[in-house]
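To start, the structure under review is shown below, and the notes come after it.
The values are calculated or read from the model by the stated rules, or taken from the named source; none is laboratory data. Predicted model, so just to flag it, every value in this text is computed and none were measured. Counting neighbours? That spans all protein chains shown, and the Cβs are built from the backbone with ideal geometry, glycine included. What goes into the accessible areas is simple: the full protein's heavy atoms, side chains included, and nothing from ligands, DNA or RNA. Shrake-Rupley method; radii C 1.70, N 1.55, O 1.52, S 1.80 Å.
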Amino acid sequence: MIKAVIFDMDGLMFDTEALAKEAWLQVGAKLGRPITEAHIARVRGSTPAASAAVFREIFGADFDYPKAKAMRNAMVEEVIDRQGVPIKRGLVGLLEQLDRHGLKAAVASSSPRRTVEKYLALAGVSRYFNCVVGAEDVTRSKPAPDAFLLAARRLQIPPEACLALEDSGNGLQGARRAGMKVICIPDIAPPSKECLSLASKVFPDLTYVFDWIMTQP
């Protein structure tokens with residue numbers, strides 16, 4: 001029986017992956033480094049440390065990842081501060097349904113916790129979440145299970161009674177390694193067929209999730 005739902009953030013709750021992709025492409029142009037969509041896909045859902053390792057593998061050990069990431073973050077934040085955080089279809093309705101039925105909710109994100117908390121507040125949904133796990137809370141990023149397992153511990157719910165919601169292959173792998181059921185809501189870069197096979201269901205958006213939960217024994 002599902003007792004809690006653990007949400008990814010970027011690309012799952014908020015339509016921020018498209019903003020991040022455009023920002024990375026602009027950063028590459030400004031720095032004279034040909035950052036491509038394929039490079040961006042490799043770091044999607046990873047912690048800053050894991051992303052830094054990937055970019056240095058691609059561009060060399062002298063690649064100034066902190067500078068590049070700061071530029072990317074500033075571009076994304078400028079858009080969000082001006083336009084607000086873009087909420088994915090079905091998020092608020094799903095959170096209201098979970099709350100009415102007494103199911104707990106958490107965020108397990110590879111973004112810094114302060115960013116997660118800022119976006120939740122801007123979207124007006126902070127009150128629905130019992131805990132937030134951010135990049136700095138775990139040593140290993142997705143596809144390791146650490147973020148999911150920590151969220152389950154903080155919720156005091158066994159992993160097998162948790163449902164994870166993810167858009168990325170890294171997230172799907174991490175949730176399954178944590179022993180959780182996982183639903184995939186694909187975003188701008190759909191996971192591979194191999195990763196999609198890990199999902200209990202694949203839905204086009206969050207509006208379908210609660211009805212599926214109600215069918216589970």
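Counting only residues at least eight positions apart within a chain, or on another chain, the lysines with an alpha carbon under 18 Å from that of K3 are K104, K181, K201.
With respect to the chain, whose longest principal axis is taken over its alpha-carbon atoms, helix 48-59 is tilted by about 40°.
Taking the Cα atoms only, what angle lies between the long axis of helix 146-155 and the longest principal axis of the chain, rounded to 10 degrees? Tilt of helix 146-155: around 40 degrees.
Largest accessible area first, the residues D15, D10 order themselves as D15, D10 under a 1.4 Å probe with ligands, DNA and RNA left out.
When its C-alpha radius of gyration is set against 2.2 N^0.38 Å (N residues), the chain gives a value of 0.99.
Of the options A121, A105, V27, report the single residue whose Cα projects farthest towards the positive end of the charge dipole of the chain (beta-carbon charges: Lys, Arg +1; Asp, Glu -1). Towards the positive end, the residue furthest out is A105.
Relative contact order, whole percent, for the chain stands at 26, derived from Cα pairs under 8 Å and 6 or more residues apart.
Listed values for the stretch 157-172 are Karplus-derived 3J(HN,Hα) couplings in whole Hz (6.51 cos²θ - 1.76 cosθ + 1.60, θ = phi - 60°), namely 10, x, x, 5, 9, 10, 10, 9, 10, 9, 10, 10, x, 4, x, 4, and x replaces Gly and Pro.
Note on K3 and E57: the model spin-label points, each 7 Å out from Cα along the C-beta direction, lie 3.8 nm apart.
Under unit Cβ charges (Lys, Arg +1; Asp, Glu -1), what dipole magnitude, rounded to 20 debye, does the stretch 42-110 have relative to its Cα centre?
Here the size comes out at about 220 debye.
T207: accessible area at probe 1.4 Å, nearest 10 Å²? So the heavy atoms of T207 present about 60 Å² to solvent. In this simple spin-label model, placing a label point 7 Å from the Cα along the Cα-to-Cβ direction at both H101 and D15 gives a separation of 2.7 nm.
In this structure the amide hydrogen of K88, modeled in the peptide plane, comes within under 5 Å of the amide hydrogens of F14, D15, none closer than 5 places in sequence on its chain.
The magnitude of the dipole of the chain, with charges of +1 and -1 set on the Cβ of Lys/Arg and Asp/Glu and taken from the Cα centre, is near 340 debye.
Once the 1.4 Å probe is applied to the protein heavy atoms, the stretch 76-217 comes out at 47 Å² accessible per residue.
Using Cα atoms only, what is the angle between the long axis of helix 91-100 and the major principal axis of the chain, expressed in degrees (0 to 90) to the nearest 10? Tilt relative to the chain: about 30 degrees.
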